[in-house]
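Each remark here refers to the structure printed beneath this line.
The values are calculated or read from the model by the stated rules, or taken from the named source; none is laboratory data. Keep in mind the model is a prediction, meaning the values are calculated, not measured. Reconstructed Cβ throughout: ideal geometry from the backbone, glycine too, with neighbour counts over all protein chains shown.
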Amino acid sequence: MSPRYLCIEERELIFDLHRQGFGVRAIARRLGRAPSTISKELRRNQDDFGLYLPTHAQRTSTLRRFRPKKRKIDLVPGLWETIFAMLRDKLSPEQIAGRLRKDYPDDDTMHVCAETIYQALFFQAKGELKKEIAACLRQGRTVRKPRGQRIPRRRFVDPMVMISDRPADVEDRAVPGHWEGDLILGKGNTSAIGTLVERSTRYVMLLHLPDGHDAVAVRNALVTAINGLPEHLKGSLTWDQGSEMAGHKSFTIATDCPVYFCDPASPWQRGSNENTNGLLRQYFPKGTDLSVHTAEDLEFVAMQLNRRPRKTLNFDTPAERMAQLLDKET
């Protein structure tokens, strides 16, 4: 047996020390194991009467390692149907796992982790079902692939206020009303959609750019979108160094909303917006013409994202958080 597993001698020592009143950390130090290993051992391998006995623990642990095992998704009636319905609604496995816990707080049979969902999807992705599953998954593939190297974006050369000068209350998301923005580009970079994400609620707005995505078109669309917000939600805008923001000064004058620029090749400085752009590719795949989408299409997609539960919001939706924010102000 691999030394990473507890052996019968270690379990006997755990039993003796635990009976003498030693704590989990003290036992872990004696065995040279992590405290979490001892804690899980005492919790998971008790007998039917709640007692920890080394022989019973050894037998239980050995039986638990037998493979293959039936997946929980295959054992619980209706669980797979519920999961697949949420997949069709374009929720990710992580969002599904979190929402199931929120929708069924007292039913452990409906609780699964995101990895369990991924494993079930990759296992079942065969034949015609493979195409259906691929259409539901955000990246559109039914096997895992290593990430490729990111291509740095070009620098923005005009005078700008850098993200390092952004106030601290924007950075910690304590104050709502601060936005992150970017463009997603279509086939041949000839069409684009503007994306705005509010940092504290992850609320999404999409900019319709039917006349192109040069500096003038983007500036006008941003002015319209930001000026449609209540004053307390015009805190700031953070963007990368794309040339489409050449009109950032006139935008600030028109909206009283300052613009902060990220460092070159640093997409994590707009993490919420980068994540949202990845979600949007389910609706607007790369290599397609984005000019065919109307303003009503963009509004519908934004609504879809804003009613999607998010892990970072404790699986509330951005629409729910934004509604709470607006209710407080009124």
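Can you pull out every residue in region 110-141 that is at pLDDT 65 or above, in contact with a Leu (Cβ under 8 Å, 6 or more places away or on another chain) and under 24 Å from THR317 (Cα atoms)? Residues satisfying the conditions are MET110, HIS111, VAL112, LEU137. Within region 285-298, is there a residue that is farther than 26 Å from ARG101 by Cα, hydroxyl-bearing (Ser, Thr, Tyr) and assigned to a helix (DSSP H, G or I)? Among the residues of region 285-298, at least one is farther than 26 Å from ARG101 by Cα, hydroxyl-bearing (Ser, Thr, Tyr) and assigned to a helix (DSSP H, G or I), which makes the answer yes. Considering each residue of region 142-170, count those that are surrounded by 13 or more Cβ atoms within 10 Å (Cβ to Cβ) and either within 17 Å of GLY235 (Cβ to Cβ) or at pLDDT below 60 (or both), and give that number. The qualifying residues number 9.
Enumerate the pairs (first residue in region 235-261 and surrounded by fewer than 19 Cβ atoms within 10 Å (Cβ to Cβ); second residue anywhere and in a loop (DSSP other than H, G, I, E, B) and at pLDDT below 90) with beta-carbon separation below 6 Å, excluding pairs fewer than 6 apart on the same chain, so at least 6 apart or on different chains. Filtered contacts from region 235-261: ALA246/ASP158.
Residues of region 233-252 that are closer than 20 Å to VAL170 by Cβ and hydrophobic (A, V, I, L, M, F, W, C): LEU233, LEU237, TRP239, MET245, PHE251.
Mind checking whether some residue in region 222-231 is in contact (Cβ under 8 Å) with a residue 60 or more places away in the chain and in the same structural domain as PHE315 (by TED's automatic domain parsing)?
Filtering region 222-231 for residues in contact (Cβ under 8 Å) with a residue 60 or more places away in the chain gives 230.
Those still in the list that are in the same structural domain as PHE315 (by TED's automatic domain parsing) too: 230.
So far as region 222-231 goes, yes, one or more of its residues are in contact (Cβ under 8 Å) with a residue 60 or more places away in the chain and in the same structural domain as PHE315 (by TED's automatic domain parsing).
Please work out if THR255 is in contact with a Ser or Thr (Cβ under 8 Å, 6 or more places away or on another chain) and hydroxyl-bearing (Ser, Thr, Tyr).
no
Being within 30 Å of ALA120 (Cβ to Cβ) and of a type outside the set (Phe, Trp, Tyr) is not true of LEU53. Quick check on region 219-230. Is at least one of its residues aliphatic (A, V, I, L, M), in contact with a Gly (Cβ under 6 Å, 6 or more places away or on another chain) and in a helix (DSSP H, G or I)? Checked region 219-230: at least one residue is aliphatic (A, V, I, L, M), in contact with a Gly (Cβ under 6 Å, 6 or more places away or on another chain) and in a helix (DSSP H, G or I). The single condition among (1) crowded, with 17+ Cβ neighbours inside 10 Å; (2) outside any helix (DSSP H, G or I); (3) at pLDDT below 95 that MET322 does not satisfy is (2).
Conditions tested, residue by residue: (1) crowded, with 19+ Cβ neighbours inside 10 Å; (2) among the aliphatic types (A, V, I, L, M); (3) out of contact with any helix residue (DSSP H, G or I) (no Cβ under 6 Å at 6 or more places or on another chain).
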| position | (1), (2), (3) |
| --- | --- |
| LEU185 | no, yes, yes |
| GLY194 | yes, no, no |
| SER200 | yes, no, yes |
| VAL204 | yes, yes, no |
| LEU222 | yes, yes, no |
